[in-house]
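Worksheet: the structure to be examined is printed underneath.
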Amino acid sequence: MTNITAIEVFPVHLPMIRSFSFASGSAGKAGGKAPHVFVKLTDSEGAVGWGEGRPVPGWSPETLETVTSTLRGYIAPAVIGLPVSDRWGVHAAMQRALGRGPSMGQPIARSALDMALHDLLAKRAGLSLRAFLGGSNERNRMALSYTLTGHDRASILEEMAVGQAAGFLHFNFKAAVAPETDVEVAETVAEHSASGGFVWADANQGFQLHNARRVAKAFESIGVDVLEQPLPADQFEQMVALRASTSIPLAVDEASVGPADFFRYASRGLVDYLVVKVTRSGGIWPSLQQIAIAEAAGLPLLVSGLTDGFLTKMAVCQMALAYGFAGPAALNGSQFTDESALFPRKSEIEYGGSVHLTDAPGIGVEPDETALRAFTA
Ligand SMILES: [Mg+2]
């Protein structure tokens, strides 16, 4: 087996085409810049794999600068020379280099490396990533969820019409940003969703317990399908209290970084779904462990990403489809960032509110390296 010989890191800024705010901060403003960090991994026979991280300062502690310096200064020296097949060994080396704590540190940097490694391995095997991970090329379509950014009935109706015209069935909205209109927004989304549409509320840690209880009660009667991360990510005991007072399906996102985090919530019966988010969770390898915990606990999946780029979106779709999950996936990067220079053929794969995977080996897409250099931060 070949070894990892080179890791190139490309910190880039992609253009934001729409503003996006949530309870804990913002992913950027229209006309602004979205930080992404790409990784190109090369092995001793010249095979190449690509990975990507999308740090959103304020959503998590990582930034463009920390992802770049962590990869260049700590992860690369720790993993260069290791066999490319050794994902366990690569993650153990990253853990040693970055240190172990109550949760996983620097998951977005780890994820970019892990994704590149999986891309390379699947390409070497001549398999699509989903086939490489144990799935079938036959399962190839992921339904996306459209992200609504408005906080009143009129703007929600307008946005839903745009989403529905583009082929979307599922919708997610950001609660706790304008708490006084959360119930009005939920009612509007539920009322105007087509049959089979999944109504997904994400509070991004924005409620205190008393508000979370009030909103959960209202959402429950409206028929909201899930309330994600209602409480601050470090308030575990408040989730215990909320769970005891509502039967609305609950999920965590920011609170579930490493597999042990999710195990804690699942084993206490506090969550009804695993929200798979590869960048948040340190890559594909540790995300597979979260999926195994969810399967053992009998919990279904959801998929999301915080304006993750197209490469990550493809990787996550490949991984979730390997486990039979076909949506909804709140992988909303295309609504907010312009990646057309990096992925000029994106619209052949993502259209009609779905991602249509090909059978190409690996993740299935690569960024244009010349364009990547042009966007260097
Ligand atoms: Mg979320």
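The values are calculated or read from the model by the stated rules, or taken from the named source; none is laboratory data. Predicted model only: the values in this text are computed from it and were never measured. For neighbour counting, all protein chains shown are included, and Cβ atoms are generated from backbone atoms with ideal geometry for every residue, glycine included.
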Filtered residue count, the range 302-353, keeping only those that are acidic (D, E), more than 20 Å from F262 (Cβ to Cβ) and surrounded by 19 or more Cβ atoms within 10 Å (Cβ to Cβ): 2
Number of the condition not met by L311 [criteria: (1) within 15 Å of I108 (Cα to Cα); (2) in contact with a Ser or Thr (Cβ under 9 Å, 6 or more places away or on another chain); (3) more than 16 Å from the ligand (Cβ to nearest atom); (4) among the aliphatic types (A, V, I, L, M)]: (2)
Residue under evaluation S304, criteria (1) within 18 Å of the chain's Cα centre (by Cα); (2) of a type in the set (G, A, S); (3) away from the ligand (no atom under 15 Å from the Cβ), criterion not met: (3)
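Residue by residue, here is whether (1) modelled with pLDDT of 95 or more; (2) surrounded by 24 or more Cβ atoms within 10 Å (Cβ to Cβ); (3) touching an Asp or Glu at 6+ places or on another chain (Cβ under 6 Å); (4) more than 18 Å from L288 (Cα to Cα) holds:
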{"residue": "S85", "(1), (2), (3), (4)": "yes, no, no, no"}
{"residue": "V90", "(1), (2), (3), (4)": "yes, no, no, no"}
{"residue": "A97", "(1), (2), (3), (4)": "yes, no, no, yes"}
{"residue": "R100", "(1), (2), (3), (4)": "no, no, no, yes"}
{"residue": "M104", "(1), (2), (3), (4)": "yes, no, no, no"}
{"residue": "D119", "(1), (2), (3), (4)": "yes, yes, no, no"}
Test: residue in the range 268-283 that is closer than 18 Å to A201 by Cβ, acidic (D, E) and at pLDDT 95 or above: yes
Listing of strands (runs of 3 or more DSSP E) fully contained in the range 116-233 that carry 1 or more residues being more than 30 Å from G49 (Cβ to Cβ) and within 16 Å of the ligand (Cβ to nearest atom): 145-148, 170-174, 199-202, 226-228
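From the list T312, T370, exactly one residue is at pLDDT 95 or above and more than 19 Å from the chain's Cα centre (by Cα). Which is it?
Numbers: T312 fails: more than 19 Å from the chain's Cα centre (by Cα).
Every option except T370 fails the conditions.
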Number of positions in the range 41-75 that are assigned to a strand (DSSP E or B) and either surrounded by fewer than 16 Cβ atoms within 10 Å (Cβ to Cβ) or among the aromatic types (F, W, Y) (or both): 2
Residue count for the range 20-30, restricted to those that are modelled with pLDDT under 90 and part of a loop (DSSP other than H, G, I, E, B): 3
